[in-house]
Structure formats: C-alpha cells, structure tokens
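Contents: one structure, followed by commentary.
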Amino acid sequence: MAGEDIYGSPEHQAFRAVARKFIQTELAPRAREFDEAGRPDKAIFRRLGEMGLLGIRYDPRYGGQGLDYSFQAVFLEELTLCDNAGVAMGVSVQTDMATPALARFGTEALKERYLVPAIRGEHVAAIAVTEPGAGSDVAGIKTRAVRDGDWWVINGSKMFITNTANADWLCLLAVTDPGAGYNGYTQIIVPTDTPGFTYRLLDKIGNRGSDTGLLFFDDVRVPVANTIGDPNRGFQQQMNQFQDERMVPVVTGPVAARRLWELTLEHAQQRVVFGKPLAKMQVNRFKFVEMQIQITAAQEFSHRCIRKIVAGEDVTLDVSMAKVFVANMKQYVATTCVQLFGGSGYIWENPAARAYVDWRLGTIGGGADEVMKEVAAKLLRI
C-alpha cells in the first residue's frame, strides 16, 4: 500500500538497531582514517560478514539471511550514515553490484567458491564493466575473452573500478562473440591474483575513502567454469544487475540529504547575522522548505521502488527516473547547504563541503543522467 510504512515491523526495527550500532561504533569513528588510507581495510568487510550484513538477501545455503529487499534498504540507509561516502560505496559494490548476478545465475560450484566467502567478508568483490572508451554505453566495451579449450583468455582494460586494490575477485563483463551484438557478452569471475592482471589507482576528487582504479588484462587465463550463467548472455545479466546498483543511490540519497539538511538547519539557527539567526531570514527559510520538498519527494520515490521490488515487479522505469531525480536533488541540497554555511562550508571537515564533492558523482556513476533518461524514454515509448 502506498501509505504503508515499509520499515514498520519489529523485525525491521531490530535489524536497523543492529546495523546502526555496528556502523556508528566501528565505521563512523574511523571515517577520516579511511579517507587518508584511500580505502577501508579488509578487516571491515570481515566484520560486516560476521554481522551477517553482506548477504542480507542471499540464500541461507550460502550464508545469507534470505530476507527481502526492504531489509537491504534498511542496511543501505544506515550505511549512508557512516560519515564516509567512499566506504559506503565500497561496501555497496560488494553487496549490490558485484555479487547479485553470481547469486542469481552462478553455478553451485561458483557460489561455493566465490559467493560464500564474499558473504562472510573473507573476499572483497568488484564489478568490472566500465572501460576507458565505454561507460554508460555498455555495448561499447572492447575487453575480449577468447575461448581456448577449457580456458578464457582475457585482454583489455577497465576503468573507474571501485574496490580495485581490495578486490579478491572481479565480476567481469567481456566480449565473447563480437558479431552477435547484445548476445555476444559474457560475465566471468576473475580472481585478482591471476597472472597477467594488474591495476593502477586513480586519484578522485571525492569519495576518497574508496579505492578506484584502472584495470589491465594481459592474456589473463581463467577457467571457463568461472562463467556466470550462460555464455553470451552476460549483457542481459548485467542489465539486470544494474537495477541493484542503481537502487543504491535511490535508497541512500534521501537519507544522506536529510541528514545534511538537519545539520545545516542547526547551524543556521545558531549563526547570527545582522542581529538575527540565518534560519529566521525569509530567503533562507524558503531554501530550507525547498530542500525539504525535494528530499520528501525523493524519499517517496525511493519507497515506491522498494515496494515494487519486494512485490517482484519490474522497476526499470521507476529506478531510471528515480536515480535522475535523487542525484539532482542531492546536488541541489549540497550546493544550497554550502551557501548557507558560508565560508565554513568551503572547509573540508564541513559535512556540506564533503557532500558537495562526493555527491557530484551521482549524475555520472552507475548510468549517467542522459542514459537514464534515454532508458526511461524508450520504456515510456516516446
């Protein structure tokens, strides 16, 4: 039901309490440390695995909790409050971007070898799709996997890959039949200790608590048994997996924006200019109202998507539109909050400054706004 509280059950509340306690005690206090290191240490993934937070939706046979998507959404909301957008991104890559296709389409042997340790936090995973010449246009990728008996031989490169240095394995999308169009791509698990694989880290302007890099494959040989699902069906599987990825900012965006709104309002109520608090000036009061309108609308859009996923409905159109709306809402909120903080909003320790830089990725990563609008236009038959 549209007005139903999707998180209202005692089970949701208890789960949120567990996730919040862990994130507030073990992640948030180390936020600046992770920025300086350029990544969370791998022990964080192991702790998340021990808490059962890396396989919330996955089958208990593989160590998951077997819960529906609403519980995953609760975790993502709480993860947003770890005070480090890069760390939150790195963890969500593990849970919502690199492992869903393996869980849905992988063989039992692949799940036992790679999904189980990922759920336990013993392995860190990354998703390797984007390339130097192909980002949101996935069909433009060039990395090739050529079959040689029982092996795939992989050559090419990937770019802007989160968890680059931490990753124990990659969920790689490669061209396996160049003449087959959309039916010529395959998803393959590639262990990062395979000879011929190397990487170089990139220096990002934001989300600095995550390790993002450029990957190189030089005659990398992995068993054909590492194929996820059917050969040459990787494009379709990856499109399915993208919906999980795009839901991450849809779920987390309103929560992050509301928290920044609250922090900025607190500042504006205390900061006195020309004899009155900033929050009492009509121009600023209207700014807070305008931000709250967008945040509330984004939250409702997010809940609509969550309800549809839990109900087993196709959310491609909703997620495509919601991702655009939420990303632009966050940029508006971040820019407005920096202005309201004034000079202190330009200092890195200020949450508005960090949001201003970190949230800029929203209209680009996981499918640029322009691509999301194109997807929506096709589904709307425009």
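Observations on the structure shown:
- Taken together, the residues in the stretch 129-157 that are crowded, with 20+ Cβ neighbours inside 10 Å and without any contact (Cβ under 8 Å) to a residue 40 or more places away in the chain amount to 2.
- Looking at Val371, Val324, just one residue is within 23 Å of Asp137 (Cβ to Cβ), crowded, with 20+ Cβ neighbours inside 10 Å and of a type in the set (A, V, I, L, M, F, W, C), and that residue is Val324.
- Just one of the numbered conditions (1) touching a residue at least 12 places away in the same chain (Cβ under 8 Å); (2) under 29 Å from Thr162 (Cα atoms); (3) under 24 Å from the mean Cα position of the chain (by Cα) is not true of Met291: (2).
- Summed over the stretch 102-128, residues that are in a strand (DSSP E or B) and either over 15 Å from Thr186 (Cα atoms) or without any contact (Cβ under 8 Å) to a residue 40 or more places away in the chain (or both) total 2.
- Of all residues in the stretch 298-317, at least one satisfies being without any contact (Cβ under 8 Å) to a residue 12 or more places away in the chain, assigned to a helix (DSSP H, G or I) and either farther than 30 Å from Lys204 by Cβ or among the polar types (S, T, N, Q) (or both).
- From Ala118, Ala2, residue being small (Gly, Ala, Ser) and either modelled with pLDDT of 95 or more or closer than 24 Å to Asp203 by Cα (or both): Ala118
- Within the stretch 72-85, the set of residues being buried (at least 22 other Cβ atoms within 10 Å of the Cβ) and in a helix (DSSP H, G or I) comprises Gln72, Ala73, Val74, Phe75, Leu76, Glu78, Leu79, Thr80, Ala85.
- Residue in the stretch 303-326 that is over 30 Å from Pro100 (Cβ atoms) and β-branched (Val, Ile, Thr) present: no
- Criterion violated by Glu349 - all others in (1) charged (D, E, K, R); (2) at pLDDT 95 or above; (3) not in a helix (DSSP H, G or I) satisfied: (2)
- Within the stretch 158-180, the residues that satisfy the criterion of being touching a residue at least 24 places away in the same chain (Cβ under 8 Å) and over 19 Å from Ala125 (Cβ atoms) are Val175, Thr176, Asp177, Pro178, Ala180.
The values are calculated or read from the model by the stated rules, or taken from the named source; none is laboratory data. Remember, it's a predicted structure, so these values are computed and weren't measured experimentally. Backbone-built Cβ (ideal geometry, glycine too); neighbour counts: all protein chains shown.
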